[in-house]
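Trainee: Can you keep this structure in mind? I'll have questions shortly.
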Amino acid sequence: MFGASQPVTASSTPLVPLPRRPLGPSGASGQVRRWYENELGWPTVPGDPLRLLVGVRYDVLDVPAEAGHAALRRLASGSPVALHGGRMLLLVAAGGAEELPGLLEWLDWGTLSLDLVAIGAGGLMEAPSPPVPHGEKAVPHGESPVPPARGSRTAAPCEAGAPPAPWGRVGSQGAAVWLRPPEPGCEVEASLPTLSALGGSGDAPDLVRLVNTVATQCHRVRLRRACAPPPAMRAQGR
């Protein structure tokens, strides 16, 4: 639609979620993996730290956190968003990463250098620490909090506008965490920005408007950083 798509890097990427795995290793890491695979239906890859396979249920826009915050209003209330260091990870509909170069050209952003990265089919994303259920204490440093199973009374509700459960920020410094966590029992695809929403009606998230907003904010962040004085000059001015 918006120009030639970029080649898919992994032709063997499955088109449907991988089958749920049986109960595996015990412990926090095994429980977190089962939560992603069994409760959300999101495929993971073996290894530590736990990583999620992108391009099956969703793609990811990786942007500076400062730019991402300005784009949150373009997302549906149930659209998952994660933070990783100084970056924000915005989940979009699968296939969105392939459309990004053409979209930027169509929106007249193609000639500028933007700190905007798209992760699509065959890509990986570090699994953010899941949210801690309401009323539970944070787990010891270095361990991942485990959210409730689907159907639990403490599970996060799916209704739009429902406040998310507080999430633990434990673990190694700079680890990925959910700003807006996914909700077990809810189909993530319905909340993700997509090209099919362009020109549509209702509250369907629009990938075009999201990309334009993010690109604008990335450009502003770049200009602001370029105009900022060096750290030594700022220290002298105190």
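The values are calculated or read from the model by the stated rules, or taken from the named source; none is laboratory data. Quantities reported herein were computed from a predicted structural model and do not represent experimental measurements. Note: ideal-geometry Cβ built from the backbone for every residue, glycine included; neighbour counts use all protein chains shown. The protein model used for the area step is the full one, side chains on, heavy atoms only, and it has no ligands, DNA or RNA in it. Shrake-Rupley method; radii C 1.70, N 1.55, O 1.52, S 1.80 Å.
Trainee: Scan the stretch 96-109 and tell me whether some residue there is open to solvent by less than 40 Å² (accessible area, probe 1.4 Å) and either of a type in the set (Ser, Thr, Tyr) or assigned to a strand (DSSP E or B) (or both).
Mentor: no
Trainee: Another question about this same structure. Which members of the stretch 82-94 meet the condition of being part of a loop (DSSP other than H, G, I, E, B) and surrounded by fewer than 17 Cβ atoms within 10 Å (Cβ to Cβ)? Explain how you work it out, then say what you get.
Mentor: Within the stretch 82-94, the subset part of a loop (DSSP other than H, G, I, E, B) is 85-86, 93-94.
Across the stretch 82-94, the qualifying residues are Gly85, Gly86.
Trainee: Would you confirm, using the coordinates I've provided, whether Pro193 is modelled with pLDDT of 90 or more, farther than 20 Å from Pro43 by Cβ and surrounded by 16 or more Cβ atoms within 10 Å (Cβ to Cβ)?
Mentor: Answer is yes for this residue.
Trainee: Residues in the stretch 122-143: is at least one among the aliphatic types (A, V, I, L, M), buried (at least 16 other Cβ atoms within 10 Å of the Cβ) and at pLDDT 95 or above? First the steps, then the outcome.
Mentor: Just the residues of the stretch 122-143 that are among the aliphatic types (A, V, I, L, M), to begin with: 124-125, 127, 132, 138-139.
Applying the additional criterion that residues be buried (at least 16 other Cβ atoms within 10 Å of the Cβ) yields 125, 127, 132, 139.
Right, trim to at pLDDT 95 or above and you get 125, 127.
Taking every residue of the stretch 122-143 in turn, at least one turns out to be among the aliphatic types (A, V, I, L, M), buried (at least 16 other Cβ atoms within 10 Å of the Cβ) and at pLDDT 95 or above.
Trainee: Sticking with this structure for a sec: Among the residues of the stretch 11-44 satisfying the criterion of being at pLDDT below 95 and β-branched (Val, Ile, Thr), which is surrounded by the fewest Cβ atoms within 10 Å (Cβ to Cβ)?
Mentor: Val16
Trainee: Report yes if Ser79 is touching a strand residue (DSSP E or B) at 6+ places or on another chain (Cβ under 8 Å), touching a residue at least 24 places away in the same chain (Cβ under 8 Å), assigned to a loop (DSSP other than H, G, I, E, B) and of a type outside the set (A, V, I, L, M), otherwise no. Before the answer, list the steps.
Mentor: Values: touching a strand residue (DSSP E or B) at 6+ places or on another chain (Cβ under 8 Å): yes; touching a residue at least 24 places away in the same chain (Cβ under 8 Å): yes; assigned to a loop (DSSP other than H, G, I, E, B): yes; of a type outside the set (A, V, I, L, M): yes.
So Ser79 passes the test.
Trainee: State the number of residues belonging to the stretch 29-76 that are acidic (Asp, Glu) and either in a loop (DSSP other than H, G, I, E, B) or free of Cβ contacts under 8 Å to residues at least 60 places away in the same chain (or both).
Mentor: Kept after step one, since they are acidic (Asp, Glu), are these residues of the stretch 29-76: 37, 39, 48, 59, 62, 66.
From what is left, the residues that are either in a loop (DSSP other than H, G, I, E, B) or free of Cβ contacts under 8 Å to residues at least 60 places away in the same chain (or both) are 37, 48, 62.
Number satisfying all stated conditions: 3.
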